[in-house]
1. Based on this model, can you work out whether G21 counts as closer than 21 Å to T130 by Cα and either modelled with pLDDT under 95 or surrounded by fewer than 20 Cβ atoms within 10 Å (Cβ to Cβ) (or both)?
2. Can you tell me which of L184, L176 is crowded, with 24+ Cβ neighbours inside 10 Å and in contact with a Ser or Thr (Cβ under 9 Å, 6 or more places away or on another chain)?
3. Applying the selection to segment 161-173, what residues are within 18 Å of the chain's Cα centre (by Cα) and open to solvent by 50 Å² or more (accessible area, probe 1.4 Å)?
4. Do we find that A141 is in contact with an Asp or Glu (Cβ under 8 Å, 6 or more places away or on another chain) and within 19 Å of I196 (Cα to Cα) in this structure?
5. Can you report the number of residues in segment 90-114 which are open to solvent by 30 Å² or more (accessible area, probe 1.4 Å) and farther than 19 Å from V68 by Cβ?
6. Do you know which residues across segment 138-160 are in a loop (DSSP other than H, G, I, E, B) and surrounded by fewer than 18 Cβ atoms within 10 Å (Cβ to Cβ)?
7. Among P97, P103, which is under 19 Å from the mean Cα position of the chain (by Cα) and more than 23 Å from V2 (Cα to Cα)?
Amino acid sequence: MVDFSKVRAIDIHTHAEEPCGCHTDDGYDELQRTMAGYFGAPWEHPPTIPETAAHYREQNIAAVIFPVDSERETGYRRYSNDEVLELVKQNDDILIPFASIDPWKGKMAVREARRLVEDHGVRGFKFHPTLQGFYPNDRMAYPFYEVLAEHNCVALFHTGQTGVGSGMRGGNGMRLKYSNPIYLDDVAVDFPDMNIIAAHPSFPWQEEALAVAQHKPNVYIDLSGWSPKYFPPILVRYANSLLKKKMLFGSDWPMISPEKWLNAFDKADFKDEVRPLILKENAMRLLGVSE
């Protein structure tokens, strides 16, 4: 298990990619190539889980890692949670297991979620409303959330614009409207004991995200997917004050490396007393591993 007393930070937002390569048969290869160009990522194919673990071990940073199941909406074959967890277990000195199941799978999703939590110790689940094609407050997802609330799991939602499909014809069929963070307000009300992370600076709905996180005790914000040098001033202002205990370091690896994010964070206008909260302490409290 991760020795949290020794790592210098916790990256709450990293992606698991398959070792067999991208899927040229369903368009996944083109999607990854376009995304790498959008973010300026320096690879031909995203790193595998063992490669990710090696990188984070070298950086002395713990990482929450997950796949994204969007096969129903996009046709991209999902990376099996069981395959991901097997590799994470082999690297559990540095990796923290989350999972992903499309909530549209209904009872199948509920059954799989319960098994992953109870049998494999999954700590949370990643949702991507734009990729999965649903509003977070859609009641069809509520039986899934009930499992998470019952087991004290974290629900991590993509919010805001996405680099996925950006610049592709028709945005590759992906609709941004699903990822407005205001829809998390309903989820936070209906599941007050389930911790929720609104992932990324939520452009163009940054103020909605800040409002929900300030108003609802169980809502956090991760700062992944953007370099801190581009953060809007209002986000930095809230991170330095009202929401200093609700902000989380996240990179969005492999699109942004943790060291690149941290280098920009060092130069950004964050208070010295807030930096350790964002980099590690808030995540430890959220994950229930506070020192």
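1. Values: closer than 21 Å to T130 by Cα: no; either modelled with pLDDT under 95 or surrounded by fewer than 20 Cβ atoms within 10 Å (Cβ to Cβ) (or both): yes.
Here the answer is no, as G21 does not meet what is asked.
2. Working: L176 fails: crowded, with 24+ Cβ neighbours inside 10 Å.
Within the list L184, L176, the selection yields L184.
3. Within segment 161-173, Q161 is the sole residue that qualifies.
4. On the way: in contact with an Asp or Glu (Cβ under 8 Å, 6 or more places away or on another chain): no; within 19 Å of I196 (Cα to Cα): yes.
The answer is no for A141.
5. 6
6. Applying the first criterion (in a loop (DSSP other than H, G, I, E, B)) to segment 138-160 yields 138, 151-153, 159-160.
Listed by number, the residues that qualify are D138, H151, N152.
7. Values: P97 fails: more than 23 Å from V2 (Cα to Cα).
The conditions single out P103.
The values are calculated or read from the model by the stated rules, or taken from the named source; none is laboratory data. This is a predicted model, so every value here is computed, not measured. Note that we place each Cβ from the backbone using ideal geometry, even for glycine, and neighbour counts take in every protein chain shown. We work out accessible area using only protein heavy atoms, side chains counted, and drop any ligands, DNA or RNA first. Shrake-Rupley method; radii C 1.70, N 1.55, O 1.52, S 1.80 Å.
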